[in-house]
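Written below as structure tokens is the structure these notes are about.
The values are calculated or read from the model by the stated rules, or taken from the named source; none is laboratory data. All values derive from a computational prediction rather than experimental measurement. No Cβ is skipped: glycine too gets one built from the backbone with ideal geometry, and neighbour counts run over all protein chains shown.
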Amino acid sequence: MTSNTLTLSQAHKIYTGDSMGLYALKLSIGGILMYSATILTFFIIMLLSKGNVSAALNELSGSTLTNTFLTLDAGIILMITGLIQYDRHLPGGKYFRTVNGGFDTYRKMKNASLIARVISLISIMLFGALFDRLGILKLAFGTSGVIYIGAFLLVSIGLVNLIDLIKNPFVKGLSTSIVLVAGLAGVISPDIADGNIYFALAVVVTAVPFIIISQKIMLNNYKKNKWYK
């Protein structure tokens, strides 16, 4: 198998041991479990405070807390996985520079990871929407609120690519907060835009080319400044 015939999924498996589909599934399940655990934890806190199940559910249902939890849990997964690198000085770094295809294989792996993260984001948002539609726990602004969150988290995926360009570890660490802030914009924006779904769709349309461009910038920077050093 040559580097030209290597698929994105195969390249991803070389680096991580997981195919692109399996990786997307793991991220999706991880995000859903994180969100469920966060909701359950705060439900228990509310239950202890209010004294009965109905009052605890009413306190959480329809509040921006449920949207905030969905944003933070999904955003943390997207941020952490997006910043994973295979620098030469890291364990296995030198080995990955000898695999078939070299940097082209690395590029395919990162693109596969990007696709997997987008799929997992959609899956986690669908779970949040299902939570709301089934009446298990209402989200603020309902399904449109979920779309807003997903739209701004798409923007955050592009921001992670740009944060990856920062060399100083301390500054890079501080910059990760921007990703979460961008995601939280999806929590408050429905209120500002009166829940207008077209605004959220406009964010999605803007986010897609932003992700593609930032991905190319990140990969070009990595090849120039990190792959051979």
Counted residues, the range 44-94 - those being in contact with a Gly (Cβ under 7 Å, 6 or more places away or on another chain) and assigned to a loop (DSSP other than H, G, I, E, B): 2
Residue satisfying all of: in the range 68-94; of a type in the set (Gly, Ala, Ser) and surrounded by fewer than 20 Cβ atoms within 10 Å (Cβ to Cβ); farthest from Lys172 (Cα to Cα) among these: Gly92
Residues within the range 11-30 that are in a helix (DSSP H, G or I) and in contact with a Lys or Arg (Cβ under 6 Å, 6 or more places away or on another chain), tallied: 1
Thr176 under 30 Å from Ala56 (Cα atoms), surrounded by fewer than 21 Cβ atoms within 10 Å (Cβ to Cβ), touching a residue at least 12 places away in the same chain (Cβ under 8 Å) and β-branched (Val, Ile, Thr): no
Scope the range 16-42; condition closer than 22 Å to Asp132 by Cβ and touching a residue at least 40 places away in the same chain (Cβ under 8 Å); matching residues: Leu27, Ser28, Gly30, Gly31, Ile32, Met34, Tyr35, Ile39
Search result, residues across the range 122-146 that are more than 16 Å from Ile39 (Cβ to Cβ), of a type in the set (Val, Ile, Thr) and either free of Cβ contacts under 8 Å to residues at least 24 places away in the same chain or buried (at least 20 other Cβ atoms within 10 Å of the Cβ) (or both): Thr143
Leading residue by the ranking (surrounded by the most Cβ atoms within 10 Å (Cβ to Cβ)) among those in the range 1-49 that are aromatic (Phe, Trp, Tyr) and modelled with pLDDT under 95: Tyr35
Filter result (surrounded by fewer than 12 Cβ atoms within 10 Å (Cβ to Cβ) and not in a loop (DSSP other than H, G, I, E, B)) within the range 95-106: Tyr95
Selected residue (criterion: surrounded by the fewest Cβ atoms within 10 Å (Cβ to Cβ)) from residues of the range 200-229 that are closer than 30 Å to Leu65 by Cα and without any contact (Cβ under 8 Å) to a residue 24 or more places away in the chain: Val205
Failed criterion for Leu162 (all others in (1) touching a residue at least 60 places away in the same chain (Cβ under 8 Å); (2) at negative phi hold): (1)
